[in-house]
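Step one of this worksheet: look at the structure below.
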Amino acid sequence: MKKLNIYFTAGIPQLEDTADIIKLIQDSGADMMEIGMPYSDPVADGPVIQQAHEIALKNGMTIEKLLSQLKSIKHEIKIPVILMGYINPVLSFGFEKFCKECSESGVSGLIIPDLPPIEFEKNYQQILKKYNLNFTFLITPETSDERIVYLDSLSSGFLYAVSSSSTTGNKNAVLKNEDYLSRIASLPLTNPVMIGFGIKSKEDFENVTEKADGGIIGTAFVNILLQNKDWKINAIDFINSIKN
């Protein structure tokens, strides 16, 4: 079975909805989840997730608040929870303190797209190991084979393959990039490969996971949370539609 990873931004639609959304994602059959830590300048994200970050910050979501929400439900959550965000807020919080609290809150891994691999190796890799946290790097169609193998060697948990060179949720993302997906599949990688950016339906999910281990859905799910009063029902239906 291909793995389904659902992303959402912490603190939307309302500040206190995060725990309900986490339980909903798990109960609907997703295999893992990524939770976005809101940031004022989310450069890798498209308009929908940028809007989610703005709303979450207005709602008062912070790293402290998110970690305390996670801590309160950690015994109920059985699937991996990965925090995704940008390096500045984490450094402001204190990198080691952040990792320690993640570990105590049931978090299994981190994705920090703007943390350079060289800096990761030099300053942060050992801290993550100390607190038993995975770390995932991103690759794109432009990443050379040699660099993909290098980033895979630094990653644990999974390797995040961006479907095309675009921001998240881009309607023009080239999902079925045959050459790229075949190239990744042919490399001697140690981690499972999850494809993300632009997956909106079961058909998209099946397309991108033909040669990969799973798919990541973010913008389409965040859209449901932002646009529907009945988001709970719609969110469950959406995950079910991908999984079943």
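Ligands, DNA and RNA left out, the accessible area of the stretch 14-138 computed with a 1.4 Å probe is 50% carbon and sulfur. GNM remark for the chain: springs join alpha carbons under 10 Å apart, and the peak mean-square fluctuation among T18, T219, T190 falls on T190. Magnitude of the charge dipole for the chain, about its Cα centre and with charges confined to Cβ atoms of Lys, Arg (+1) and Asp, Glu (-1), is about 400 debye. Accessible area per residue for the chain is 44 Å², calculated with a 1.4 Å probe on protein heavy atoms, without ligands, DNA or RNA.
Return the Rg/Rh value of the stretch 18-70, two decimal places, where both radii are evaluated on C-alpha atoms and Rh is the Kirkwood radius. On the Cα set of the stretch 18-70, Rg over Rh gives 0.99. Of the residues S72, S92, S163, the one that moves most in a GNM of the chain with alpha-carbon contacts below 10 Å is S92.
Evaluating 6.51 cos²θ - 1.76 cosθ + 1.60 at θ = phi - 60° for every residue in the stretch 79-90, the Karplus couplings come out as 9, x, 10, 10, 9, 10, x, 10, 5, 4, x, 5 Hz, glycine and proline recorded as x.
At 222 nm, what helix-only mean residue ellipticity would the chain give, in deg cm²/dmol to the nearest 500, using -39500 (n - 2.57) for each DSSP H run of four or more? Per the formula, -12500 deg cm²/dmol. Where does the Debye-calculated log10 I(q)/I(0) of the chain sit at q = 0.07, 0.09 Å⁻¹, using only Cα point scatterers of equal weight, no solvent? Results for the chain at q = 0.07, 0.09 Å⁻¹ read -0.20, -0.34. Among I184, I233, I55, the largest mean-square fluctuation in a Gaussian network model of the chain, built with springs joining Cα atoms closer than 10 Å, belongs to I233. Listed values for the stretch 58-67 are Karplus-derived 3J(HN,Hα) couplings in whole Hz (6.51 cos²θ - 1.76 cosθ + 1.60, θ = phi - 60°), namely 4, 5, x, 6, 9, 4, 4, 4, 4, 4, and x replaces Gly and Pro. In percent, rounded to a whole number, the relative contact order of the stretch 37-82 is 37, using alpha-carbon pairs under 8 Å and six or more apart.
Out of every Cα-Cα pair that the stretch 1-120 contains, those further apart than 27 angstrom amount to 11 percent.
With θ taken as phi - 60° and the Karplus curve 6.51 cos²θ - 1.76 cosθ + 1.60 applied, the whole-hertz 3J(HN,Hα) list for the stretch 16-32 is 8, 7, 4, 4, 4, 5, 4, 5, 4, 4, 5, 5, 7, x, 5, 8, 6 Hz, x standing for glycine and proline.
The count of lysine pairs in the stretch 1-157 whose Cα atoms are under 12 Å apart, excluding pairs fewer than 8 places apart on the same chain, comes to 5. Remark: relative contact order (the stretch 26-129) = 31 percent; criterion is Cα-Cα distance under 8 angstrom and separation of 6 or more residues.
Charge tally around Q26: other residues with Cβ under 9 Å, Lys/Arg +1 each, Asp/Glu -1 each, net 0. Database remark: amide H of T9 closer than 5 angstrom to the amide H of G36 (H placed geometrically; neighbours at sequence offset of 5 or more, or on other chains; Pro and chain starts carry no H).
Note: relative contact order over the stretch 82-149, using C-alpha pairs below 8 Å and six or more positions apart, is 37 percent. Between the alpha-carbon centres of the stretch 9-46 and the stretch 49-87 there is a gap of 6 Å.
The values are calculated or read from the model by the stated rules, or taken from the named source; none is laboratory data. As the structure is a computational prediction, the values presented were derived from the model and not from experiment. We place every Cβ from the backbone using ideal geometry, glycine too, and count neighbours over all the protein chains shown. For accessibility, only protein heavy atoms count, side chains too; no ligands or nucleic acids. Shrake-Rupley method; radii C 1.70, N 1.55, O 1.52, S 1.80 Å.
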